[in-house]
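Worksheet for the structure shown next.
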Amino acid sequence: NIDYDALHWLKDHAYLPQGSELLLITQNRETEKKAIQSAGCEVAPYSIVKTKNELKQAVQELRLPAVLKTCRGGYDGKGQFVIKEEAQMEQAAALLEHGTCILESWVSFKMELSV
């Protein structure tokens with residue numbers, strides 16, 4: 001992960017054709033989802049969670065299985081926990097210690113691509 005502030009500084013002092021704003025959006029899963037939705041694309045149903053109670057409510061809404069992800073700092077499976085059954089809720093809630101999280105409905109897929 002690249003630090004946004006460092007990239008923003010670099011943009012003002014060197015040639016950075018893509019700018020820094022895209023990085024600002026994509027370094028946070030919540031702002032990334034909102035940007036994707038505003039572009040007219042579908043995303044998996046999700047809920048932003050900050051507490052264990054919010055996690056419990058989100059699981060009731062979205063159902064299991066679901067994936068709890070940190071909003072910041074996660075990549076390639078880091079900062080994620082797949083919740084398959086309610087017995088895993090306490091273990092998954094440990095991610096909340098890292099800050100705001102996002103709970104996503106599980107989506108079956110054949111392949112995942114990172115861009």
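With respect to Ala39, is the statement that it is within 13 Å of the chain's Cα centre (by Cα) and not hydroxyl-bearing (Ser, Thr, Tyr) true?
Numbers: within 13 Å of the chain's Cα centre (by Cα): no; not hydroxyl-bearing (Ser, Thr, Tyr): yes.
In short, no.
Whether any residue in region 59-71 is farther than 23 Å from Ser114 by Cβ and in contact with a Lys or Arg (Cβ under 9 Å, 6 or more places away or on another chain) is what I want to check. Full working, then the answer.
We begin by selecting, within region 59-71, every residue farther than 23 Å from Ser114 by Cβ; these are 59-64.
Next, from what is left, pick out any that are in contact with a Lys or Arg (Cβ under 9 Å, 6 or more places away or on another chain): 64.
Yes, some residue in region 59-71 is farther than 23 Å from Ser114 by Cβ and in contact with a Lys or Arg (Cβ under 9 Å, 6 or more places away or on another chain).
For region 5-23, name all the residues that are loosely packed, with under 15 Cβ neighbours inside 10 Å and either of a type in the set (Ser, Thr, Tyr) or part of a helix (DSSP H, G or I) (or both). Before you say what the answer is, go through the steps one by one.
Start the filter on region 5-23 by keeping residues that are loosely packed, with under 15 Cβ neighbours inside 10 Å, which leaves 5-6, 9-10, 12-19, 21-22.
Matches in region 5-23: Asp5, Ala6, Trp9, Leu10, Asp12, His13, Tyr15, Glu21, Leu22.
Give me the pairs, please: first residue somewhere in region 41-55 and in contact (Cβ under 8 Å) with a residue 60 or more places away in the chain, second residue anywhere and among the hydroxyl-bearing types (Ser, Thr, Tyr), beta-carbon distance under 8 Å, and either six or more positions apart or on two chains.
Once the first residue is in contact (Cβ under 8 Å) with a residue 60 or more places away in the chain and sits in region 41-55, its partners that are among the hydroxyl-bearing types (Ser, Thr, Tyr) give Ala44/Ser105; Pro45/Ser105.
For region 26-79, enumerate the residues that are more than 29 Å from Ile2 (Cβ to Cβ), of a type in the set (A, V, I, L, M, F, W, C) and part of a helix (DSSP H, G or I).
Within region 26-79, Leu55, Ala58, Val59, Leu62 qualify.
Which ones in region 62-94 are touching a residue at least 24 places away in the same chain (Cβ under 8 Å), under 17 Å from Glu32 (Cβ atoms), of a type outside the set (S, T, N, Q) and surrounded by 10 or more Cβ atoms within 10 Å (Cβ to Cβ)?
Matches in region 62-94: Val67, Leu68, Lys69, Cys71, Arg72, Gly73, Gly74, Tyr75.
Only one of these conditions is not met by Ile2: (1) outside any helix (DSSP H, G or I); (2) of a type in the set (A, V, I, L, M); (3) in contact (Cβ under 8 Å) with a residue 40 or more places away in the chain. Which number is it?
In the conditions (1) outside any helix (DSSP H, G or I); (2) of a type in the set (A, V, I, L, M); (3) in contact (Cβ under 8 Å) with a residue 40 or more places away in the chain, Ile2 misses (3) alone.
Bear in mind that the values in this text are calculations on the coordinates, not laboratory data. Predicted model only: the values in this text are computed from it and were never measured. Cβ coordinates were reconstructed from backbone atoms using ideal geometry, including for glycine residues, and neighbour counts include every protein chain displayed.
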